[in-house]
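Below: the structure, in structure tokens.
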Amino acid sequence: MPEAVQRAAWGQTRRQDTWWVEPLIAFIVFTSFIVYATYRAFAGGHYWVGNYLSPFFSPELWGASPHAFFGNVPSWLPAWLPYSPALLILPFPGGFRLTCYYYRGAYYKSHWADPPSCAVGEPRGSYRGENSFPLIVMNLHRYFLYAALIFLIFLSHDAWKSMWFLGNDGHEHFGVGIGTIILTANVVLLAGYTFGCHSLRHLTGGLFDVLSNKPLRKKAYECVSWCNKNHMRWAWFSLFGVVTSDVFINLLSRGIISDVRFI
Amino acid sequence: MSKATFSVWRGDKSGGKLVDYTTEVSEGMVVLDAVHQIQAESANDMAVRWNCKAGKCGSCSAEINGMPKLMCMTRLNTLDLSKPVTIEPMRAFPSIRDLVTDVSWNFRVKKTIKKFKPRKPDAPDGTWRVQNEDIERPQEMRKCIECFLCQDVCHVLRDHQKHEEFIGPRFLVYTAALEMNPIDDDDRVDDLKFKHNIGFCNITKCCTKVCPEHITITDNAIIPLKERVVDRHYDPLKKLLKVFGPK
Amino acid sequence: MAEFQTHEHDVIVIGAGGAGLRAAIEASSAGVSVGLICKSLLGKAHTVMAEGGMAAAMANVDDRDSWKVHFADTMRGGQYLNNWRMAELHAQQAPDRVRELEAWGAVFDRTKDGKILQRNFGGHRYPRLAHVGDRTGLEMIRTLQDHGIHQGITVYMEHTVAGLLKDGNRVSGAIGYDREKGVLRVFRAKAVVLATGGVGRAFKITSNSWEYTGDGHSLAYEAGADLVDMEFVQFHPTGMVWPPSVRGILVTEGVRGEGGVLRNKDGKRFMFDDIPDNYKPQTADNPEEGWRYTQGDKSARRPPELLTRDHVARCINREVKAGRGSPHGGVFLDIAWIKEKISNAPEHIKKLPSMYHQFKQLADLDITTTPMEVGPTTHYIMGGVKVDGETQMSTVPGLFAAGEVAGGLHGANRLGGNSLSDLLVFGKLAGEHAAKYAKANGAGQVHQDQVDAAAKALLAPFERGANAESPYKVQYDLQDNMQALVGIVRKEDEMLKALDVIEGLKKRAGTVGVAGNREYNPGWHTAFDLGNLLTCAEAIARAAVARKESRGGHFREDFPNKDEKGFGTFNHVIRKGPDGKMQLVQVPLTPMPQHLKDAIEQEKK
């Protein structure tokens, strides 16, 4: 290949629009999310209130709350080891987002400037893409999808539990509070995001050239494709969904705000 | 009637610069009209490649205010005419002259992709029976007019010059149309990984953004192909199944 | 003296649209070496603009269809001036050519039972057009291109052929230049296939791209071949009229096939007012029946909007001239109205996606809610190089022609959809027989004096330089002249005036000059195209003056009727006389065999 018109320098472009806004917003939001999530995972605590459980900590395998499946933190765990229920499970939804086809494209731009935006010059000359290590591991996205699907079950269970409040009579009663709405919306948004996954789209039907003779798969493929069309939106809204859920429960648990019961 | 200024890149492979031309603009004009007007009025020898002028042939690709676009489909009323409009040739390809670039690389690449190979016909008269719903995917890909704007904007080609290793979005779309065609029988998955290096694509979706035919290149062509490559080469479970599973 | 690069092939094909590609594929599969020369990049030819579909009597949608019906439709559309042998071969072979295209990778729209879907079109009795939405031409050219690149054909992209070389009577090659670098090239060849398309650029309002400058017509004429029926130019009834910069761009007949109707500014469907007698039995006489027809009701007759193109174009012209047109000098084509009939109208309309985007992007108009403004646009030339129906060879041995550049198949008027099938059927035949000719006849001599003369003429504009006449100016004047005086409605005195103007333009064309160098120099290209355009313009005008009747695409205000006994019995042939001047002769039609006469009679019932 004979050389093209010379390579543009970093940030060089003839674009006149505000091309840097989108990657900048993505940079700020994604970075804030990572910082917040990491802080919460290590800090632990204030992640449950009554029948509400923060999605950062669900499923809670071992922990201090009544939501824990296997009781309290094992006593043999060395005290110097930082532990919170989130540390065990966060890698899975985190990995799902990290290897997500939408997020990849977005943070390659915002965090790695490769490219900073379409038709804008780049800082580095060398490039390996997802063709070799390390980014080749992105190809394992579907395994994170499997995990995410399982997590959806737990989070749905949490949403269900958020509708049942312990009454003064010692029995659980159906009810709806702000937390119920937030946790339910969170599951809906996460489901929209997970069910729009490109890998799922492939696994339900994309791998076949002919779907007309597989009515069930075709239906599933169409549903996933429908969600997939707005995968980016689902990705953003569900991100806000989990953060909102956690912040709400955190503040509630600290007594800074209080829940409102509608029913 | 009003006037507008266009900064057009004039030059050839040895170099060039933007030259300002001012011309009358009127309602409904597209960038290509302005270029033609300049050509007829003050730059008879200004090179520009064009053909149908209706967005169907994909000849008049250029970079207008820095964005890859078809000149014939970019209406002037979508641009800010208060400052000069820059019109440059595609950057991902070598210059021939002025707005014309040497896109022959694309034609060479296409030849390296295994051609269409039909399966056995379904009917004795040598024809196939196919449902409309099963050809929607290849039909979307076959809308491509080969303007090569996606190749131009793809940073793997544009900035990293991987022309020798990577086939670019246009030919991933082309491969997708073949791979998803219910009549085609050949297999291009190994080629995608080893020869055409689909892994270079980091799905930043610029190709989709500039496609004048509105083909959802990334979501409907490249990612489905990446997933087919994963099936074959990266999925450990599938690999295990292949070794131990029923033959 | 100018320098040349020389290339040698058994067969060279000039033009890489549908016909050229098909011819090249056929010739190369016959085992000869093939050079394919095209003015644009490969796959950009004007064929991509074809929208509606390709006509082939496959009877997938209506089993009453057969090649005989298709033949009769083609002959009636052409007002019986067609080369009946070509019409017969075309109708017989088109279905195979379509199926072959599918075997090469074309992805056609399907019927419910999975066969290739066929749609209604003007002048075709049954749904007959195999199609892919409204981008059938693109599908066809891409399929042929993608198949062809694996056939060992040498492609010369962005090359212009400037002249044919002859050895005695026969052709022995061509001379041309590479548009990118300006290198002059000599192509030695045993046979040459012309597939250069038409000549729409001779007119101001046209659906044709810049390439359509009548190169093939002119090359053949200069080489001594006969041109036939050059007066018959088709004006497509529906081109865009607004905004000015897109004036002429085609609006597919498919819009009317899907239920679109034509109205004047008073909202009246004026097409019902004027249905020719010979189409009355097959045409709906009320809107309701017409609507049912577009929805696939086999008992309904077609709406008058789907009458032949020449007729619809003239009706639109009449409305506009009578002051009943739309604001920008067209009439309204309304597909949005079907929302009264069906609930999912917008989706239905988006079955025409290119049209939807074309209007949205170029005219800022949503066709699902607003009627389009349309008017006639120069679209196609029925006339062309006179060829033998069986072999596609012209009257010059070794010179073949296929597609729009060849004349005969369409007679006085072409039916929509017959063009794409024409390209395939006769592209194949031309390729096949060119290869045969090449094998049987060996190479002719290339005579240096011809090469030198051609080169000198080619480079002359540079010697005259930038201060001489501008080629663009001459081209604009020619286009204005043809549009105004030899357009859709013609008159003797106007056309005689046009011929005078053409004489003057020929002189000016000899004085044009260009600046710059030979690399991708559009001024130079235009200077060269002028000669071809002028030859064709003159041929069109001369034949049109001579045909003192109205028939098909040729409408004379001073002779508004058909003259079956006189002008209906011969074709016009134009050739270069011994004195170097254009000569026009009448050639009687060859008698049609009985079985074809029967086929026509059968369909008249």
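Rule-based calculations on the coordinates, nothing more; no lab input. Only a predicted model underlies this, so the values are computations on that prediction, with no experimental measurement involved. Positions of Cβ are backbone-derived with ideal geometry, glycine not excepted, and every protein chain shown enters the neighbour counts.
Full extension from residue C:150 to residue C:473: what is 0.36 nm times the residue separation minus their Cα-Cα distance, to one decimal in nm?
That pair, residue C:150 and residue C:473, stretches by 112.0 nm at full extension.
Using a 10 Å cut-off on Cβ to Cβ distances, tally the other chain neighbours for every residue of A:11-17 and report the average as a whole number.
5
Can you tell me the FRET efficiency between residue B:41 and residue B:242 if r is taken as the Cβ-Cβ distance and R0 is 60 Å, rounded to the nearest 0.05?
So the FRET efficiency works out to roughly 0.35.
Could you compute the FRET efficiency for residue B:26 and residue C:489, with r as their C-beta to C-beta distance and R0 at 35 Å, rounded to 0.05?
0.80
If you add up the charges near residue C:494, with Lys and Arg at +1 and Asp and Glu at -1, over every other residue whose beta carbon is less than 12 angstrom from its beta carbon, what do you get?
-1
Order of C:408-419, B:198-209 by packing, highest average Cβ count within 10 Å first?
For the peptides C:408-419, B:198-209, the packing ranking is C:408-419, B:198-209.
Would any residue of region C:79-94 have its amide N under 14 Å from a label point 7 Å out along Cα→Cβ of residue C:390? List them or say none.
Counting backbone N atoms under 14 Å from the label point, the list is C:85-86, C:89.
With n ≥ 4 as the cut-off for DSSP H runs, can you work out [θ] at 222 nm for chain C, using -39500 (n - 2.57) per run divided by the number of residues, rounded to the nearest 500?
-11500 deg cm²/dmol
With a Förster radius of 56 Å, plug the Cβ-Cβ distance of residue C:321 and residue B:14 into 1/(1 + (r/R0)^6) and report the FRET value to the nearest 0.05.
So, using R0 = 56 Å, E works out to roughly 0.50.
Grab the DSSP H runs of chain A that are 4 residues or longer, score each as -39,500 (n - 2.57), total them, divide by all residues and round the 222 nm result to the nearest 500 deg cm²/dmol.
Theoretical 222 nm ellipticity from helices: -15500 deg cm²/dmol.
Quick check: the distance between the Cα centres of region C:310-377 and region A:1-63, to the nearest angstrom?
About 49 Å separates the Cα centre of region C:310-377 from the one of region A:1-63.
Need one value for A:212-224: mean number of C-beta atoms belonging to other chains within 10 Å of its residues' C-beta atoms.
Across A:212-224, the average partner-chain Cβ count within 10 Å equals 1.
Placing +1 on the Cβ of each Lys and Arg and -1 on the Cβ of each Asp and Glu in chain C, which of C:468, C:156, C:193 has its Cα farthest towards the positive end of the resulting dipole?
The listed residue farthest towards the positive side: C:193.
List residues of region B:86-119, by number, whose backbone nitrogen lies under 17 Å from a label position 7 Å along Cα→C-beta of residue B:185.
Backbone N within reach: B:114-119.
Can you tell me which of A:53, A:81, A:189 moves the most in a GNM of chain A? Springs connect C-alpha atoms under 10 Å apart.
A:81
Dimensions of chain C along principal axes (Cα, Å, largest first)?
Computed over the Cα atoms, the extents are 71, 50, 49 Å.
Taking the inverse of the average 1/r across all pairs of different Cα atoms in region C:1-59, what Kirkwood radius in Å do you get?
Taking the inverse mean of 1/r over all distinct Cα pairs, region C:1-59 comes out at 13.5 Å.
Cβ under 10 Å from residue B:206's Cβ, residue B:206 left aside: what net charge do those residues give with Lys, Arg +1 and Asp, Glu -1?
Every neighbour counted, the sum reads +3.
Just counting partner chain Cβ atoms within 10 Å, what average do the residues of peptide C:32-42 show around their Cβ? Intermediate values should be presented prior to the final figure.
Numbers: counts 0, 0, 0, 0, 0, 0, 0, 1, 6, 11, 5.
Counting other chains' Cβ atoms within 10 Å and averaging over C:32-42 gives 2.
To test your reading of the geometry: what angle, between 0 and 90 degrees and rounded to tens, separates the Cα axis of helix B:223-233 from the longest principal axis of chain B?
In chain B, helix B:223-233 runs at an angle near 40 degrees to the longest axis.
In nm, give the distance between the simple-model label positions of residue A:147 and residue A:160, each being 7 Å from the Cα along the Cα-to-Cβ direction.
In this crude label model, residue A:147 to residue A:160 measures out at 2.4 nm.
Rounded to whole Hz and in sequence order, give me ³J(HN,Hα) for region A:123-137 from the Karplus expression 6.51 cos²θ - 1.76 cosθ + 1.60, θ = phi - 60°, writing x for Gly and Pro.
x, 10, x, 7, 7, 10, x, 9, 7, 8, 4, x, 5, 4, 5
Which of A:87, C:505, B:225 comes first, and how do the rest follow, when ranked by fewest Cβ neighbours within 10 Å?
By the 10 Å Cβ count, ascending, the order reads A:87, C:505, B:225.
Beta carbons within 10 angstrom, averaged per residue: use that to sort the peptides A:194-207, C:41-54, A:219-232, highest first.
Result, highest mean first: C:41-54, A:194-207, A:219-232.
When the chain is fully extended, how far beyond the present Cα-Cα distance does residue A:24 get from residue A:69, taking 0.36 nm per residue of separation? Can you show the working numbers first?
On the way: separation 45, 0.36 × 45 = 16.20 nm, distance 4.06 nm.
Stretched fully, the residue A:24-residue A:69 segment lengthens by 12.1 nm.
Using Cα springs under 10 Å in a Gaussian network model of chain A, which residue among A:102, A:39, A:47 shows the largest mean-square fluctuation?
Of A:102, A:39, A:47, the Gaussian network model singles out A:39 as fluctuating most.
Mind scanning C:166/C:548; B:56/C:204; A:109/B:162; B:3/B:53; B:56/B:120; B:53/C:360 and naming the pairs with a C-alpha gap bigger than 24 Å?
C:166/C:548; B:56/B:120
Hey, fewest Cβ within 10 Å first, where do B:158, A:7 land in order?
Going from sparsest to densest Cβ surroundings: A:7, B:158.
So what is the 222 nm mean residue ellipticity for chain B from helices alone, if each DSSP H run of at least 4 adds -39500 (n - 2.57) and you divide by all residues, rounding to the nearest 500 deg cm²/dmol?
Numbers: 9 runs with 75 residues, N = 247.
Helix-only estimate at 222 nm: -8500 deg cm²/dmol.
Filter the DSSP H helices in chain A by two things, a Kyte-Doolittle mean of at least 0.0 and an axial alpha-carbon span of 18 angstrom or more, and list the hits by number.
TM-like helix candidates: A:21-43, A:141-161, A:178-194, A:231-253.
On C-alpha positions alone, give me the angle between the axis of helix B:168-179 and the longest principal axis of chain B, in degrees, nearest 10.
It is inclined by approximately 40 degrees.
Taking amide H atoms as placed 1.01 Å from N in the peptide plane, list the residues 5 or more away in sequence, or in a different chain, whose amide H sits under 5 Å from that of residue C:162.
Result for residue C:162 returns C:175, C:176, C:177.
Within region B:18-34, which residues have the backbone N less than 20 Å from the label spot 7 Å out from residue B:83 along Cα→beta-carbon, could you tell me?
Only B:18-23, B:31 pass the distance filter.
Return the distance in nm (one decimal) between the two label points of a simple spin-label model at residue B:194 and residue C:167, each offset 7 Å from Cα along Cα→Cβ.
Rounded to a tenth, the inter-label distance reads 4.9 nm.
Output ³J(HN,Hα) for region C:185-191: one whole-Hz value per residue in order, computed from phi by the Karplus curve 6.51 cos²θ - 1.76 cosθ + 1.60 with θ = phi - 60°, and x for Gly and Pro.
Once rounded to whole Hz, the list reads 9, 10, 10, 8, 8, 7, 9.
Once label points are set 7 Å from the Cα along Cα→Cβ at both residue A:9 and residue C:277, what is their separation, rounded to one decimal in nm?
My value for the distance between the label points is 8.2 nm.
What span do the alpha-carbon atoms of region B:56-118 cover on each of the three principal axes, reported in whole Å from largest to smallest?
53, 27, 14
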